[in-house]
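A short worksheet on the structure shown next.
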Amino acid sequence: MSVAPSVRAQAAPIPAPPLPATPGLDALLARGRRRVRRVRLTDRIGPVTAAAAGVVLLWLLAAQVVLLPVVTGPVLGAGAAAALLVLVAVALRPVPDEMAAGAVDGLLDARDRYRTALESRQNGADAPLGDLARRQLVEADAAAADVRNLPPAPRPGGRWLLLAGVLVIAVAALAAAPDRHGDERDRRAREAAAVERAAEDLERDAQELTAAGEPGAAAAERLQQVAQQLDGRSLDEALERLAAERGALARELDPGRNGQRAALDGLARELGREPLGAGESVRAQFDALAAALAAGGVEDTAALAERLRELAAAVRGGQPELAEALTQAAEAAAAGNQAGAAGAASAASGAVGRAVASAAGQGALEATDALLDQAQRTLREATAPGQGQGQGQGQGQGQGQGQGQGQGQGQGQGQGQGQGQGQGQAGQGGGGRGVQPGDGNTGTGRVPEPTGTGATGAGPELDTVFAPPRVGSEGDDWYLGGSDSGQGPDAQVGRGLGPGEVNDALVPYRDVLGTYQDRATRTIDRPGFPAGRRDLVRDYFDQLAQ
């Protein structure tokens, strides 16, 4: 007997009725959130303002006792901005629905009616609501819809607002009071600006020297390092750093460099007057002489020997190596040994090359020292505005090798033999090397005895000036003054001066006045040059041009 399986019918679950809509409750909670934000903000205005004003007040009080970096404007702005940011953050902080419902219950004295309704709605999203909870939710929504205005919130505590007001008034009074350290702060700001300006000037000078090639590139690198080391330094620290660098330069400068240059200058003038051979430079003439001797083409070796002895005697004090080579060439020529004389002449040419390289290096060091001196002057003037000193501005390696004539000029601007750092005393002829004309009151050049002491524009010595030879870089030559051949102020050589002829290296001073005036104008327009001295320099050149 078979038994049919019984099938138990399972009843489908009855779906929970949907939650009733509560638009009134939602609107009331939104109003409650806005009220909470407003109350929260008004409660925080007093404490936040008092705290910010208190910090600013402490800073201003400290500024009356000690020197602080900034006061008044920046501090007031920072305090106000901080208070505003805090209040904005308070106002924008989210308000939970539970907090809004509790605030509404408190304002309406609803005995947690709306908070209970909110909890019932939240619970109904997870499980069916009972009849009582559903009825309470519907009644709360209807009551919320009937609420037209929320009662006013209680006023915030007046003590915080009073304290904030007192502190703000105190801050305003201190901000309006005179700054006890204002002069010192201004002085430090002026010094910091001067240090920054000096560093910028050194960097610009370094770029100009870099364009000149070797050895200017080495000097430029040195200036660049000093400029970087000045960054962020105080005035005293910057002056100490510049003094240390100038001390190092002084140890590297050859004490006999002026005599060495003077010897080369004198040799160049002598060979321009009476050449030893074809060539537009000292080395070229020695090379030509060596070639002629090697070929046995010199007929009067005795006269040549005498000439070489004279040249050796002339340069012995400044260029002993060159003098020794010339002496050996003279002895060989006197003995009729033209081959030996040729070798000695070649040695003299090599000695000239080494002397030129040394002069170029020394010139770069002097140019660097002049620029560092200018930076020191700029910094010192920061502590005494309006009290300028005479200044000469370096033009880089090798410009303006003074020679020979010792022109007497008023205001200290002159061409003279020797290598000074700029200009002589007012009314005295002076030698200058490598610097722009200054104001004539603080000349630092080492000058020989001038041949003229007249006022500006007076006397025949101002009719012509010597166009000095340029100093080349290492491996270059020492050119003879004279007509321009494209390689510098080179002379037409190969023959002596005839009757009535003059050295082309002596040119009318008006022909070169514009060049010097342009350089002086660039110098006085640079930052740091004393404003009171600018008119003096301009008047000086105006008088020269008359």
Suppose we filter ARG309, ARG283, ARG354 for residues that are of a type in the set (Lys, Arg), touching a residue at least 12 places away in the same chain (Cβ under 8 Å), buried (at least 16 other Cβ atoms within 10 Å of the Cβ) and in contact with an Asp or Glu (Cβ under 8 Å, 6 or more places away or on another chain); which single one remains? ARG283
Select, from GLY259, GLY272, GLY277, the only residue that is touching a helix residue (DSSP H, G or I) at 6+ places or on another chain (Cβ under 6 Å) and either in contact (Cβ under 8 Å) with a residue 12 or more places away in the chain or among the β-branched types (Val, Ile, Thr) (or both). GLY277
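Do we have ALA164 as under 30 Å from GLY54 (Cβ atoms) and in contact (Cβ under 8 Å) with a residue 12 or more places away in the chain here?
Working: under 30 Å from GLY54 (Cβ atoms): yes; in contact (Cβ under 8 Å) with a residue 12 or more places away in the chain: yes.
Considered against the rule, which asks whether it is under 30 Å from GLY54 (Cβ atoms) and in contact (Cβ under 8 Å) with a residue 12 or more places away in the chain, ALA164 comes out as yes.
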Please pick out the residue among GLU98, GLU119, GLU139 that is modelled with pLDDT of 90 or more and over 60 Å from the mean Cα position of the chain (by Cα). GLU98
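Does any residue of the stretch 72-80 turn out to be at pLDDT below 85 and assigned by TED's automatic domain parsing to the domain that holds GLY165? Break it down stepwise before answering.
In the first step, residues of the stretch 72-80 are kept if they are at pLDDT below 85; the result is 72-73.
Keeping just the survivors that are assigned by TED's automatic domain parsing to the domain that holds GLY165 gives 72-73.
Checking the stretch 72-80: at least one residue is at pLDDT below 85 and assigned by TED's automatic domain parsing to the domain that holds GLY165.
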Condition set aliphatic (A, V, I, L, M) and in contact (Cβ under 8 Å) with a residue 40 or more places away in the chain, scope the stretch 69-91, selection surrounded by the fewest Cβ atoms within 10 Å (Cβ to Cβ): answer is ALA91
When restricted to ASP231, ASP254, the only residue of a type outside the set (Lys, Arg) and farther than 30 Å from LEU326 by Cβ is ASP231
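A quick yes/no check of all residues on (1) surrounded by fewer than 20 Cβ atoms within 10 Å (Cβ to Cβ); (2) of a type outside the set (Lys, Arg); (3) under 15 Å from MET99 (Cβ atoms):
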{"position": "ALA30", "(1), (2), (3)": "yes, yes, yes"}
{"position": "ARG35", "(1), (2), (3)": "yes, no, yes"}
{"position": "GLY46", "(1), (2), (3)": "yes, yes, no"}
{"position": "ALA52", "(1), (2), (3)": "no, yes, no"}
{"position": "LEU60", "(1), (2), (3)": "no, yes, no"}
Considering residues of the stretch 1-57 that are out of contact with any helix residue (DSSP H, G or I) (no Cβ under 9 Å at 6 or more places or on another chain) and among the polar types (S, T, N, Q) only, the residue modelled with the highest pLDDT: THR42
May I ask you to list pairs of residues, at least six apart or on different chains, whose Cβ atoms are under 7 Å apart, with the first in the stretch 135-158 being more than 15 Å from LEU28 (Cβ to Cβ) and the second being among the basic types (Lys, Arg)? ALA153/ARG35
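The values are calculated or read from the model by the stated rules, or taken from the named source; none is laboratory data. Keep in mind it's a predicted model, so treat the numbers as computed, not measured. All Cβ positions, even for glycine, are placed from backbone atoms using ideal geometry, and neighbour counts span all protein chains on display.
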